[in-house]
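K.L.:
Below you'll find the structure I mean.
Any read-out appearing in this document is the output of simple, stated calculations on the displayed coordinates, not a laboratory observation. Fair warning: this is a prediction, and the values are worked out from it, not measured in the lab. Cβ sites come from the backbone with ideal geometry, for glycine too, and all protein chains shown count toward neighbours.
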Amino acid sequence: MELLTLLSKPSREFTPIPFWFLNGNLTHDEIRRQLNDFNAHGVSGVVLHPRIGLAKRIRYLSKEYFSYIRTAVKEAAALNMTVVLYDEGMYPSGSANGMVTAGRPDLVSQGITLVSKSQPGDEVLAETPKGVLVVRRSGGTIRGIHWGEDDGEPNAPESADILNPEVVQRFIGLTHDAYYRELKEYFGNTIIGFFTDEPSILGRNVEKMFPWTKGFAQLFTEAGGKLENLTALFEKTENADTQLYNQMILDREGGVYYAALSGWCEQHSICLMGHPHQSDDIEVEKYFGIPGQDLCLRWIAPEKDCLVGLDSTLGKCSADAARLMHRRRNSNECFGACNKDNNPWQLSGGDIKWYTDWLAVRGVNLFIPHAFYYSIVGKRKDERPPDVGPNSNWWKHYKLWSTYMRRLSCLMTDTTAILPVAVLCRNRALEPEAVRSLYEQQVGFQYLPESVWNECNVQDGKLLCRGMEFSAVIDPEQRFPNALALPNDLSQLADLQCSPAVPKLRSAHFLRAGSECWFLVNEGNTDLHTIITLPTTKKVGQYDLWSGKAARAQAQNFELNLPSRSSLLLFTCEAADFAALPEQPKPLQLPLPEFTLKKVDGIQVKKTYNAEMECSSEQANADYPLLEIDAEEMAELWVNGKLAGVSFWNKHRFDLKGLLHPGCNAFKLVVTGSLANRYGKRAVPYGLQEVSV
């Protein structure tokens with residue numbers, strides 16, 4: 001059937017497209033070698049990201065710099081890979097590594113602040129009982145690409161005032177136009193996008209200031225605003241003037257910065273990609289050809305309540321924005337510095353799997369792993385680690401990861417989502433508390449930001465917007481009182497029925513390639529067991545996107561056993577397709593062999609174990625002889641000299657069909673631990689527990 005054909009070998013367009021940190025002493029040969037290595041591991045695209053640690057001899061946007069960029073793009077084209085260009089050196093975007101403001105101090109970022117006394121050079125906006133409201137340079141910077149240009153260092157580039165149209169045109173002229181002159185023939189084919197990275201109006205490391213720009217005071221007062229009332233911003237209170245200010249700043253940023261970049265990209269046959277400054281910046285997503293967001297610094301994590309706070313909304317933010325604009329793809333720059341317990345390089349395969357599923361079930365369908373490092377020599381290994389690609393402990397098996405991300409991206413593209421609930425929201429106010437019950441009871445919903453409210457109408461109690469129809473609404477401001485409110489009993493709106501209830505089960509319900517689909521994810525840290533009923537009378541199959549195996553399932557009283565870090569696709573199919581699916585075999589649980597530790601390699605962070613175990617004919621000939629092993633972190637198992645498989649998270653489950661024989665069987669287990677043991681602040685235990693030496 002079409003769905004399984006698409007998923008069995010997903011096309012190259014669904015590849016993960018990692019940040020490739022160009023952070024070393026670049027050579028043309030090494031650029032080519034690394035690209036070929038990526039391609040061999042199932043990675044068919046890269047974001048060319050100039051990064052701190054780049055050799056000092058390679059000046060940003062210089063002739064030498066572009067010689068390396070051209071080599072990368074040319075080699076990518078030869079390998080049929082895609083390239084996303086990066087618009088800054090390093091981030092946040094908008095200043096061209098300080099070149100925009102060079103010799104033009106009037107173009108640096110500006111802000112308003114509340115002081116007791118103004119200083120020379122300040123523009124006084126209002127004298128109030130609470131202080132003097134003034135405009136001054138923010139003093140904000142960006143992170144640069146050479147040593148000495150990082151936060152707090154003397155050569156950190158100044159941030160530019162991206163609310164100023166002259167600044168944005170200078171930025172485009174210095175950056176985008178330069179890339180196009182150098183690489184024109186690759187635009188619209190090999191080069192698919194320009195990545196803008198969390199543009200910041202004030203720049204980094206700025207406190208007690210709010211965004212401003214030249215001439216904004218006049219615009220604000222002409223719109224009816226009272227400058228003296230903006231002191232409420234510093235008290236974190238709201239009034240009509242702060243509301244007007246926030247809306248005008250949002251409109252200005254969108255109209256001046258994002259619209260200009262978006263228009264340039266469209267004119268040059270590529271997409272504006274990247275992500276805005278904040279996780280719930282949903283309104284500016286409309287300027288992106290591929291809306292995006294950023295998941296970094298372990299803002300959310302398996303050990304946290306991942307339905308709390310603004311960062312819990314980032315996956316739905318980009319996916320829902322894309323759906324509203326009829327964009328096929330939406331992206332996430334994921335895994336960046338998501339180290340556990342603030343221990344560099346402590347990011348496990350289990351964590352990577354959790355994050356990937358967390359994003360996919362919310363609708364993300366383009367993964368931008370942060371990051372693949374050109375070099376980890378010296379201080380480079382300490383800069384926003386870990387490397388989740390060629391310098392990770394799972395690189396030799398990375399094709400498993402890239403295939404999984406391709407399957408997820410393929411599955412979640414070109415879908416018709418089944419979303420019974422609309423959630424009306426404002427920018428930077430995506431109501432995470434209000435949608436918790438929807439997640440926990442498997443009810444699909446769509447964010448509708450303020451900019452589309454004027455396109456909504458109500459018919460027979462249902463809210464209609466941009467071709468979508470909603471049976472219930474969460475409407476905090478009661479904008480549509482005739483629309484049906486969210487009922488207390490959500491069961492009639494749920495994607496599926498579960499008995500018992502399973503609050504950690506996430507569901508995405510949609511139509512794809514002629515099938516009705518339910519993508520299920522265990523977002524908890526323990527195995528999940530429930531009986532589910534699907535709202536269909538059709539035959540149902542199941543598909544494991546990690547293993548690529550399909551089997552029969554059932555719509556009524558289906559016993560769902562979903563281990564921690566697991567996902568499962570259920571799909572409807574015709575009778576003939578169902579008949580072609582195999583029965584799901586029942587596992588025959590094998591006892592754990594008595595492993596003996598034979599070797600410890602502290603440099604490679606590996607422990608090797610051996611064991612022998614007698615197997616009966618029943619065990620050896622079983623359809624699904626299952627061996628479960630409890631070990632941290634990556635486990636590779638050989639049985640009788642043949643590789644049984646590799647597993648990246650606990651519990652490690654190995655299907656030993658065809659590998660066992662009656663009598664004595666030899667087992668070899670290699671457990672690879674966290675690279676925090678080499679590069680981090682403290683050791684992380686790894687290997688099997690309580691084994692003989």
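K.L.:
For the chain, which span is the longest to avoid every loop-located (per DSSP) member of GluC sites (Glu not before Pro) having at most 14 other Cβ atoms inside 10 Å? Walk me through the numbers on the way to the answer.
P.N.:
Working: sites that count: 207, 238, 303, 477, 574, 583, 594, 690.
Looking at the chain, 1-206 is the longest stretch - no exposed GluC sites (Glu not before Pro) with at most 14 other Cβ atoms within 10 Å.
K.L.:
Moving on. Tell me, what is the Rg over Rh of the range 419-493, with Rh the Kirkwood radius over Cα pairs?
P.N.:
Details: Rg = 11.4 Å, Rh = 12.3 Å.
Expressed as Rg/Rh, it is 0.92.
K.L.:
Of the beta bridges DSSP finds with both residues in the chain, what % are antiparallel, to the nearest 5?
P.N.:
On the way: 89 of 130 bridges.
Of the beta bridges lying entirely in the chain, close to 70 percent run antiparallel.
K.L.:
What do the square roots of 5 times the Cα gyration tensor eigenvalues come to for the range 85-147, in whole Å, largest first, as semi-axes of the equivalent ellipsoid? Don't skip to the answer; put the middle values down first.
P.N.:
Working: eigenvalues 191, 26, 16 Å².
Taking √(5λ) for each eigenvalue gives 31, 11, 9 Å, largest first.
K.L.:
Using Cβ counts within 10 Å as a stand-in for footprinting exposure, how do 448, 534, 297, 675 rank, fewest first? Numbers along the way, then the final one.
P.N.:
On the way: 448 27, 534 21, 297 14, 675 24.
If I rank by nearby Cβ atoms, fewest first, I get 297, 534, 675, 448.
K.L.:
Using DSSP to define loop residues, name the trypsin sites (Lys or Arg not before Pro) in the range 139-222 whose beta-carbon has at most 11 other beta-carbon atoms within 10 Å.
P.N.:
Numbers: sites: 143, 170, 181, 184, 204, 208, 214; in loops: 208, 214.
Counting only loop positions with at most 11 other Cβ atoms within 10 Å, the trypsin sites (Lys or Arg not before Pro) in the range 139-222 are 208.
K.L.:
When you take every Cα atom in the range 334-489, what is the radius of gyration, and what is Dmax, the widest Cα pair distance, in Å?
P.N.:
For the range 334-489, the Cα-based Rg and Dmax read 20.4, 65 Å.
K.L.:
Additional query: Over all directions, average the projected area of the Cα convex hull of the range 70-207 and note it in nm².
P.N.:
Numbers: hull surface 39.9 nm².
For the Cα atoms of the range 70-207, the hull's average projected area reads 10.0 nm².
K.L.:
Please compute the length gained on full extension between residue 552 and residue 128, using 0.36 nm multiplied by the number of residues separating them and subtracting their Cα-Cα distance.
P.N.:
Working: separation 424, 0.36 × 424 = 152.64 nm, distance 7.17 nm.
Here the answer is 145.5 nm.
K.L.:
Among rounded, prolate and oblate, which fits the range 247-298 when a ≥ b ≥ c are the square roots of the eigenvalues of its C-alpha gyration tensor, a/c under 1.5 means rounded, and a/b larger than b/c means prolate? Mind showing how you got there, number by number?
P.N.:
Numbers: a/c = 2.74, a/b = 1.22, b/c = 2.25.
Cα axes put the range 247-298 in the oblate bin.
K.L.:
Sticking with this structure for a sec: In nm, to one decimal, how far is the residue 9 label point from the residue 153 one, both placed 7 Å along Cα→Cβ?
P.N.:
Distance between label points: 4.7 nm.
K.L.:
Next up: Taking 7 Å along the Cα-to-C-beta vector as the label spot, tell me the residue 626-residue 651 distance in nanometres, rounded to one decimal.
P.N.:
Output for this residue pair reads 0.8 nm.
K.L.:
Name all residues of the range 228-258 having a backbone nitrogen under 20 Å from the label point set 7 Å from the Cα of residue 221 along its Cα→Cβ direction, giving them as ranges.
P.N.:
228-233, 240-249
K.L.:
Below 23 Å, Cα to Cα, which lysines can residue 549 reach? Residues fewer than 8 away in the same chain don't count.
P.N.:
Leaving aside lysines fewer than 8 places away in the same chain, those within reach of residue 549 are 9, 353, 396, 399, 538, 539, 586, 642, 651, 657.
K.L.:
Suppose every K and R has +1 on its Cβ and every D and E has -1 on its Cβ; what is the size of the dipole of the range 217-312 about the Cα centre, in Debye to the nearest 20? Walk me through the numbers on the way to the answer.
P.N.:
On the way: 6 positive and 16 negative charges, 32 e Å.
In total the dipole reaches around 160 debye.
K.L.:
A follow-up question, please. Full extension from residue 477 to residue 529: what is 0.36 nm times the residue separation minus their Cα-Cα distance, to one decimal in nm?
P.N.:
Working: separation 52, 0.36 × 52 = 18.72 nm, distance 3.87 nm.
Gain on stretching residue 477 to residue 529: 14.9 nm.
K.L.:
Where does the range 588-688 land on Rg(C-alpha)/(2.2 N^0.38 Å)? Before the final figure, lay out the partial values.
P.N.:
Values: Rg = 14.3 Å, N = 101, 2.2 N^0.38 = 12.7 Å.
Rg over 2.2 N^0.38 Å, computed on Cα atoms: 1.13.
K.L.:
Rg and Dmax in Å for the chain, alpha carbons only: what are they?
P.N.:
My reading of the Cα-based Rg and Dmax gives 26.9, 90 Å.
K.L.:
Around residue 126, which amide H atoms from residues at least 5 apart in sequence, or from another chain, sit under 5 Å from its own amide H, with H modelled in the peptide plane?
P.N.:
Residues meeting the amide H criterion: 133.
K.L.:
How many lysine pairs in the range 58-204, separated by 8 or more positions in sequence or lying on different chains, have Cα atoms less than 19 Å apart? Could the numbers behind the result be given before it?
P.N.:
Working: 63/74; 63/184; 74/184; 117/130.
Count of close lysine pairs: 4.
K.L.:
Could you line up 108, 46 from fewest to most neighbouring Cβ atoms inside 10 Å? Each step should come with its number before you reach the end.
P.N.:
Details: 108 22, 46 27.
Arranged by neighbour count, lowest to highest, 108, 46 become 108, 46.
K.L.:
Still on this structure: Suppose every Lys and Arg Cβ carries +1 and every Asp and Glu Cβ carries -1, with no other charges. What dipole size does the chain come out with about its Cα centre, to the nearest 20 debye? If you can, show how the numbers build up before the last one.
P.N.:
Values: 72 positive and 83 negative charges, 368 e Å.
Using only the charged Cβ atoms, the result is roughly 1760 debye.
K.L.:
Please work out, to two decimal places, the log10 of the ratio I(q)/I(0) at q = 0.09, 0.11, 0.14, 0.23 Å⁻¹ from a Debye calculation in which every Cα of the range 183-299 carries one identical scatterer.
P.N.:
-0.33, -0.47, -0.71, -1.30
K.L.:
Continuing with the same structure: How much length, in nm to one decimal, is gained on full extension between residue 454 and residue 603, taken as 0.36 nm per residue of separation minus their Cα-Cα distance?
P.N.:
Numbers: separation 149, 0.36 × 149 = 53.64 nm, distance 6.14 nm.
Taking residue 454 through residue 603 to full extension adds about 47.5 nm, to one decimal.
K.L.:
What is the Cα coordinate range of the range 252-349 on the first, second and third principal axes, sorted by size from largest, in whole angstrom?
P.N.:
Extents along the principal axes, in whole Å: 45, 26, 24.
K.L.:
If the only charges are +1 at each Lys and Arg Cβ and -1 at each Asp and Glu Cβ, what is the size of the charge dipole of the range 497-580 around the Cα centre, to the nearest 20 debye? Walk me through the intermediate numbers first.
P.N.:
Numbers: 8 positive and 7 negative charges, 15 e Å.
For this selection, approximately 80 debye.
K.L.:
Roughly what would the spin-label model give for residue 683 and residue 579, points 7 Å off Cα along C-beta, in nm?
P.N.:
Reported label-point gap for residue 683 and residue 579 is 6.1 nm.
K.L.:
Can you put 248, 273 in order, fewest other beta carbons within 10 Å first? Write out the running numbers ahead of the final one.
P.N.:
Details: 248 15, 273 29.
In order of increasing Cβ crowding within 10 Å: 248, 273.
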